[in-house]
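> Quick one: the structure is below, questions incoming.
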Amino acid sequence: MPKLDEAKLDAVRKLIKQNKLDGFIFTDYNDIKYIMGPVFLSGEAVLLVHAKGVYITARSLYEAPVSQDFPEVKIEGCDKDRDLKTIAAIKKLKLKKVGFDGLKESYHAGKNYIAAGFIEKENFLVPVRAAKTETELKNMKAAAKIAYKTYEHILTWLEPGVSEKETAEEIDNFMKLNGASSTSFDTIVAFGANSGNPHYGTGNAKLKKNMVVLLDFGCIFKDYCSDITRTFWFGDKPSKEFKEVYKTVKSAHDEAVEKAVCGQTGAEIDDIARSYIEAAGYGQYFTHRTGHGIGMEIHEEANISQDNTDKPILENYCFSIEPGIYIVGKFGVRYEDCFYMTKQGVKQIK
Amino acid sequence: MKFTAEKIKKLQVWLKQNRFDGCAVTDLDGVNFFSDFCFAGQGDAYLLITLKKAYCFTKKMYAVDLKKKTPYLTLVDSLYFEDIVKKAQSLKLKNCIFDTTATGYIAGTLFYKNGFKEYAGFIGKLKEIKTETEIARIKKACSISFRAYDIFRKKLKAGMTELEATSLLENIMQSLGGEGLAFNTIMAFGENSANPHHINSNRKLKQNEPVLLDYGCRYGGYCSDITRTFWFGKKPSGEFNKAYALVKAAHDLALKLAKPSAPACLPHNCVCDFFEDNGKLKKYFIHGLGHSLGTAIHEPPFMNPRTDEILKAGHIITIEPGLYFEGKFGIRYEDTVLIGEDKNKILTK
C-alpha cells in the first residue's frame, strides 16, 4: 500500500514555516509526485499542504482510490476550475497566509490566487527537492548501477555494421531487463561526425572500425533518474586529435570532481572545468554548461552553469558533471557521471 | 520525417485575421507544436512569432540541430523572458498577445506589465483541426501501437509482473518505430483494472483474470492512445463477457454519434444513457468518454458532459468508454479516431 513519505512531508512543512506561511499550493506534476508518489497524471490535481494535513482536489475518478490508499489525506473530486475549488477549501480551513509558485502556476490561476490574497513564492520547493533524502539517494544509486552495468554490456555487444538506432534499442532493453522502469530520456547514440552535435538525435548511421562512439543514456528506478555519457574510439587506431581532446575532457571532468566544494555556486564549479578546457585551447568548443541537477527529473535544480552565480550547491544536492568538446563536422567528446555534494566534497552516485 | 513551418504559418494567418502583430509562446507543448521540434523540457525554448518571422529563444546546444532541421526559426541565444519583451519592443510590436492559460504566472505578469495583451486559449484552439501532415504522423503512431498489441498478447506469460509486461509492450513499440511514449503505460492485472489510473506494480499475472492496457507512443512528436481489455486464460467469467460486450457496444455507439456539428458532450451523454438502460450501470462509468490528442496527449475539445464545444471534421479524438467494479475488475475499450466529413476513421488499426 502506498504511503506518504514522512521525511519528505516534514521537510515541506518546515519550509512552509520558515517562509512564515501556513500553507502552500502545489500544481506541478513533479512537485506533487515528490510528496505523494506517482498517483496523479500531469495537470489533474492541486495539492495543498498545511500544518494540520494535506488537502487535494483532483479529477473525480481519483477520489475513491486515493481516499482508500491515503486515509490521512482529504481529497475532493473536481473536474473544472480546480484553482477556484482550492481557494474555497482554503477559506474553509481559515488559513491566513498561503503561498503558490509563480513559475509553476498558469498566469490565469496565479491571478486568481493573488486576488484571493495568496503570496507568490518563486522556486519554492527547489531547496527541499535538491537535497536528497536517504531513500532518494538509495534509489538514485540503484538507477546509476543499472546504467554502468549497461555500459559494460554494450562495449562487448557493439560490432561493425550496427546502427545507432539498434544500439540505442539494445541499451534501452538491457536497462529495462536489469530493473529499470524506463529510460530517463531518449538515449543518444552518435557515431563518427554525429558526435560533434551535442544535441544529436539517434539516427541510422552504421558503425565502422576506427570511428568515435558517443553514448549518453540513463534510466529510471523507483521514480529516480540516472545519467551517464561515455565517448570512445571504436577500433585500434584513435586519431591523435581524438586522443588529445579526450584527455582534455576527462581531465576537466576529474578536476571539477576533485576541486568542487560544498557551498560553491554552480558558476564556480562550472569554471573549474571550463577554465581547464580554455587553457588547453578548446574553450570555444565547450558549448554547454558543465552539469545539471538530477533527481525525479532528468534536469532539475542544482545548475552547474556560468549563469548560476547566486545559488550555492549544498549538502546532498545531486548533479551531473559533463564537460564536452564538439568540433562540428568532425567529432565530439563528452564524459559524464553524477554526484552528490557532501561536506567533504563530491561523491559519485554509484 | 520532414520538419514543417505550416503551423507557424497557420498561426500567422490567425494573428493577421484578428489584427494582432505577434504572440509569445512559453509552454513546452506550445513551443514544440509551433516549432515542430521536440525540445526536451519546459524552459528549453520560447517563441516570439510575428506576422513575418518566428524567433526561437533557446540554448546554444540546440543550435546545430535547429539550423539544420528548422531553418524557418530565427535563433536567439537567451532564455530570459525580459529578452522576449526587448525583442518585441525593438520590433515595435503594438498588439502582441500571450495565452493566459498556457503561460506561467511569472512570465505572464512580465508580459502584461510590458504591454502584451491577454488572450485565453488561442494555442489550444489552433491545435484543434489537424493538418494532413499531423494526421499522417498520428496515424503512424496509432498503427505502431495497434500492431504492438497482437505481438504483446502472444508474448505475455503468466507470472510476469505488471512492470515486466509494461517493458515488454514498450520495447515492442520501440522496435516497430515508436519514438518514445505518449504517456506512462497503464498495465493493470485482475482487480487492479478497476482503477482507471492504476499505477503499475509488481503484481504477477495469473491464469484466468482480466488484463487492461492503456498505452500509446509518439511519432514525429505526435501521440497515439489505445486501450484494450482481455481475459488472460481460457474461461472468461460470465460477468466479464457481459460487461465487455456492453463497453464495446457503447464504443460503437459513440463512434456513430461523433460527427461534424454534433456537440462534443453528446456521445458521452448517450453512452451514459446506454449504460443506464442496460442494468443501471451508469454509476460504474466514472470518467469522460474521451479527449483530443496531438502533440499533447490531452487536448481540447474534451468529450465530457461539461464541454460546450462542437465536433468538426479534422478533430482527432479518443473514444474510451469503461465500466469499473471496485475490488473486482474494470473494462475499457479505446480507439483514436479521426472525425471525417462523412465518415469517421479509426486510426488505431
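The values are calculated or read from the model by the stated rules, or taken from the named source; none is laboratory data. As the structure is a computational prediction, the values presented were derived from the model and not from experiment. Ideal geometry is used to build each Cβ from the backbone, glycine not excepted, and the neighbour counts take in all protein chains shown.
> Scanning for something surrounded by fewer than 19 Cβ atoms within 10 Å (Cβ to Cβ), of a type in the set (D, E, K, R) and outside the structural domain of B:Leu28 (by TED's automatic domain parsing), does region B:325-335 turn up at least one residue?
Yes: region B:325-335 contains one or more residues that are surrounded by fewer than 19 Cβ atoms within 10 Å (Cβ to Cβ), of a type in the set (D, E, K, R) and outside the structural domain of B:Leu28 (by TED's automatic domain parsing).
> Is region B:121-141 home to any residue that is aliphatic (A, V, I, L, M), farther than 15 Å from B:Ile316 by Cβ and not in a helix (DSSP H, G or I)?
To start, the set of residues in region B:121-141 that are aliphatic (A, V, I, L, M) comprises B:123, B:126, B:129, B:135-136, B:138, B:141.
Okay, now just the ones that are also farther than 15 Å from B:Ile316 by Cβ, so B:123.
Among the residues that remain, those that are also not in a helix (DSSP H, G or I) are: none.
Scanning region B:121-141 turns up no residue that is aliphatic (A, V, I, L, M), farther than 15 Å from B:Ile316 by Cβ and not in a helix (DSSP H, G or I).
> On to the next question. Out of all the residues in region B:123-136, which are out of contact with any Asp or Glu (no Cβ under 8 Å at 6 or more places or on another chain) and either under 24 Å from B:Ala102 (Cα atoms) or small (Gly, Ala, Ser) (or both)?
Start the filter on region B:123-136 by keeping residues that are out of contact with any Asp or Glu (no Cβ under 8 Å at 6 or more places or on another chain), which leaves B:125-126, B:129-130, B:132, B:134-136.
B:Lys125, B:Leu126, B:Ile129, B:Lys130, B:Glu134, B:Ile135, B:Ala136, listed by residue number.
> Right, another one. Within region A:156-170, which residues are among the hydrophobic types (A, V, I, L, M, F, W, C) and more than 11 Å from every other protein chain (Cβ to nearest Cβ)? Give the steps one after another, and end with the answer.
The first filter runs over region A:156-170 and keeps only residues among the hydrophobic types (A, V, I, L, M, F, W, C), leaving A:157-158, A:162, A:168.
Within region A:156-170, A:Trp157, A:Leu158, A:Val162 qualify.
> I would also like to ask the following. Restricting attention to region B:204-215, does a residue exist that is crowded, with 17+ Cβ neighbours inside 10 Å, assigned by TED's automatic domain parsing to the domain that holds B:Thr166 and over 24 Å from B:Lys155 (Cα atoms)? Reasoning before the result, please.
The initial filter retains those residues of region B:204-215 that are crowded, with 17+ Cβ neighbours inside 10 Å, namely B:205, B:209-215.
Checking which are assigned by TED's automatic domain parsing to the domain that holds B:Thr166 leaves us with B:205, B:209-215.
Still in the list and also over 24 Å from B:Lys155 (Cα atoms): none.
No, that holds for no residue.
> Only one of (1) within 14 Å of chain B (Cβ to nearest Cβ); (2) within 20 Å of A:Asn316 (Cα to Cα) fails for A:Tyr285. Which number is that?
(2)
> Here's a check for you: in region A:74-84, which residue that is buried (at least 19 other Cβ atoms within 10 Å of the Cβ) and assigned to a helix (DSSP H, G or I) is farthest from the other protein chains (Cβ to nearest Cβ)?
For region A:74-84, the residue satisfying everything is A:Arg82.
> Look at region B:238-283 and say how many of its residues are touching a helix residue (DSSP H, G or I) at 6+ places or on another chain (Cβ under 7 Å), within 20 Å of B:Phe302 (Cα to Cα) and of a type in the set (D, E, K, R).
The total comes to 1.
> Among the numbered criteria (1) surrounded by 20 or more Cβ atoms within 10 Å (Cβ to Cβ); (2) within 14 Å of chain A (Cβ to nearest Cβ); (3) not hydrophobic (A, V, I, L, M, F, W, C), which single criterion is violated by B:Gly220?
Status for B:Gly220: all satisfied but (1).
> Residue by residue through region B:24-50, note down the ones that are surrounded by 23 or more Cβ atoms within 10 Å (Cβ to Cβ), farther than 13 Å from B:Ile123 by Cβ and more than 14 Å from chain A (Cβ to nearest Cβ).
Result: B:Leu48, single match.
> Can we say A:His292 is under 18 Å from A:Arg230 (Cβ atoms) and part of a loop (DSSP other than H, G, I, E, B)?
Numbers: under 18 Å from A:Arg230 (Cβ atoms): yes; part of a loop (DSSP other than H, G, I, E, B): no.
Answer is no for this residue.
> Tell me yes or no: at least one residue of region A:240-262 is within 12 Å of chain B (Cβ to nearest Cβ), of a type in the set (Ser, Thr, Tyr) and either buried (at least 18 other Cβ atoms within 10 Å of the Cβ) or assigned to a helix (DSSP H, G or I) (or both).
no
> Scan region B:82-115 for residues that are in a strand (DSSP E or B) and more than 14 Å from chain A (Cβ to nearest Cβ) and report the count. Before the answer, list the steps.
Keep residues of region B:82-115 that are in a strand (DSSP E or B), which gives B:96-99, B:104.
Pick out the ones that are also more than 14 Å from chain A (Cβ to nearest Cβ) and you get B:96.
So the answer is 1.
> So, one more: So if I check each of B:Phe146, B:Phe152, which one is among the aromatic types (Phe, Trp, Tyr) and under 28 Å from B:Pro300 (Cβ atoms)? Outline the logic, then answer.
Numbers: B:Phe152 fails: under 28 Å from B:Pro300 (Cβ atoms).
Unique residue meeting the criteria: B:Phe146.
> Given the condition under 14 Å from B:Ile331 (Cβ atoms), surrounded by 20 or more Cβ atoms within 10 Å (Cβ to Cβ), in contact (Cβ under 8 Å) with a residue 60 or more places away in the chain and touching a strand residue (DSSP E or B) at 6+ places or on another chain (Cβ under 7 Å), answer yes or no: does some residue in region B:251-266 qualify?
Step one: of region B:251-266, the residues under 14 Å from B:Ile331 (Cβ atoms) are B:251.
Those left that are additionally surrounded by 20 or more Cβ atoms within 10 Å (Cβ to Cβ): B:251.
Those still in the list that are in contact (Cβ under 8 Å) with a residue 60 or more places away in the chain too: B:251.
Then drop every residue that is not touching a strand residue (DSSP E or B) at 6+ places or on another chain (Cβ under 7 Å), which leaves B:251.
Looking through region B:251-266, at least one residue is under 14 Å from B:Ile331 (Cβ atoms), surrounded by 20 or more Cβ atoms within 10 Å (Cβ to Cβ), in contact (Cβ under 8 Å) with a residue 60 or more places away in the chain and touching a strand residue (DSSP E or B) at 6+ places or on another chain (Cβ under 7 Å).
> Which residue is modelled with the highest pLDDT, if the candidates are limited to region B:1-23 and must be among the aromatic types (Phe, Trp, Tyr) and surrounded by 15 or more Cβ atoms within 10 Å (Cβ to Cβ)? Working first, answer last.
So in region B:1-23, the residues among the aromatic types (Phe, Trp, Tyr) come out as B:3, B:14, B:20.
Those still in the list that are surrounded by 15 or more Cβ atoms within 10 Å (Cβ to Cβ) too: B:3, B:20.
On the way: B:Phe3: 94, B:Phe20: 98.
Here the residue is B:Phe20.
> Among the residues of region A:85-111, write down those that are assigned to a helix (DSSP H, G or I) and at the interface with chain B (Cβ under 10 Å from one of its Cβ atoms). Give the steps one after another, and end with the answer.
Here is the first cut: in region A:85-111, the ones assigned to a helix (DSSP H, G or I) are A:85-93, A:107-111.
Of everything in region A:85-111, those that are assigned to a helix (DSSP H, G or I) and at the interface with chain B (Cβ under 10 Å from one of its Cβ atoms) turn out to be A:Tyr107, A:His108, A:Ala109, A:Gly110, A:Lys111.
> Next question, about the same structure. Residues of region A:36-73 being over 28 Å from the mean Cα position of the chain (by Cα) and either within 14 Å of another protein chain (Cβ to nearest Cβ) or crowded, with 16+ Cβ neighbours inside 10 Å (or both), which ones?
A:Ser60, A:Leu61, A:Glu63, A:Ala64, A:Pro65, A:Ser67, A:Gln68
> Can you find even one residue in region B:190-209 that is away from every other protein chain (no Cβ under 14 Å), touching a residue at least 60 places away in the same chain (Cβ under 8 Å), of a type in the set (D, E, K, R) and assigned to a strand (DSSP E or B)? If you could, list the steps in order and put the result at the bottom.
Of the residues in region B:190-209, the ones away from every other protein chain (no Cβ under 14 Å) are B:190, B:204-209.
Filter once more, so that each one left must be touching a residue at least 60 places away in the same chain (Cβ under 8 Å): B:190, B:209.
From what is left, the residues that are of a type in the set (D, E, K, R) are B:209.
Retained after the next criterion (residues that are assigned to a strand (DSSP E or B)): B:209.
Yes, region B:190-209 has at least one match.
> Exactly one condition in (1) within 24 Å of A:Gly201 (Cβ to Cβ); (2) out of contact with any helix residue (DSSP H, G or I) (no Cβ under 9 Å at 6 or more places or on another chain); (3) of a type in the set (A, V, I, L, M, F, W, C); (4) not in a loop (DSSP other than H, G, I, E, B) is not met by B:Phe146; state its number.
The one condition B:Phe146 does not meet is (1).
> Quick check, is B:Thr336 among the β-branched types (Val, Ile, Thr) and either part of a loop (DSSP other than H, G, I, E, B) or within 14 Å of another protein chain (Cβ to nearest Cβ) (or both)? Break it down stepwise before answering.
On the way: among the β-branched types (Val, Ile, Thr): yes; either part of a loop (DSSP other than H, G, I, E, B) or within 14 Å of another protein chain (Cβ to nearest Cβ) (or both): no.
In short, no.
> Which condition from (1) assigned by TED's automatic domain parsing to the domain that holds B:Lys204; (2) at positive phi; (3) of a type outside the set (Val, Ile, Thr) is the one that B:Ser143 breaks?
Of (1) assigned by TED's automatic domain parsing to the domain that holds B:Lys204; (2) at positive phi; (3) of a type outside the set (Val, Ile, Thr), only one is false for B:Ser143: (2).
> Report every pair of residues separated by at least 6 positions or lying on different chains whose Cβ atoms are under 7 Å apart, first residue within region A:54-70 and within 13 Å of A:Phe40 (Cα to Cα), second among the hydroxyl-bearing types (Ser, Thr, Tyr).
Here the result reads A:Thr57/A:Thr86, each pair linking region A:54-70 to a residue that is among the hydroxyl-bearing types (Ser, Thr, Tyr).
> Shifting gears a bit: Listed residues B:Tyr105, B:Tyr62; which is under 23 Å from A:Arg334 (Cα atoms), crowded, with 20+ Cβ neighbours inside 10 Å and without any contact (Cβ under 8 Å) to a residue 40 or more places away in the chain?
Details: B:Tyr105 fails: under 23 Å from A:Arg334 (Cα atoms).
One residue alone meets the criteria, B:Tyr62.
> Could you check region A:200-225 and list, in sequence order, the residues that are within 11 Å of chain B (Cβ to nearest Cβ) and surrounded by fewer than 19 Cβ atoms within 10 Å (Cβ to Cβ)?
Matches in region A:200-225: A:Gly201, A:Lys222, A:Asp223.
> Right, next: Confirm whether A:Tyr340 is farther than 22 Å from A:Asp227 by Cα, buried (at least 18 other Cβ atoms within 10 Å of the Cβ), out of contact with any Pro (no Cβ under 6 Å at 6 or more places or on another chain) and not basic (Lys, Arg). Outline the logic, then answer.
Working: farther than 22 Å from A:Asp227 by Cα: no; buried (at least 18 other Cβ atoms within 10 Å of the Cβ): yes; out of contact with any Pro (no Cβ under 6 Å at 6 or more places or on another chain): yes; not basic (Lys, Arg): yes.
It is false that A:Tyr340 is farther than 22 Å from A:Asp227 by Cα, buried (at least 18 other Cβ atoms within 10 Å of the Cβ), out of contact with any Pro (no Cβ under 6 Å at 6 or more places or on another chain) and not basic (Lys, Arg).
> On to the next question. For residues that are within 24 Å of B:Thr336 (Cα to Cα) and either of a type in the set (Ser, Thr, Tyr) or not assigned by TED's automatic domain parsing to the domain that holds B:Lys204 (or both), scanning just region B:146-169, find the one that is farthest from the chain's Cα centre (by Cα).
Per the criteria, the residue is B:Ser167.
> Being surrounded by 19 or more Cβ atoms within 10 Å (Cβ to Cβ) and more than 10 Å from chain A (Cβ to nearest Cβ) is the filter; apply it to region B:170-185 and report the residue that is farthest from the chain's Cα centre (by Cα).
Here the answer is B:Ile172.
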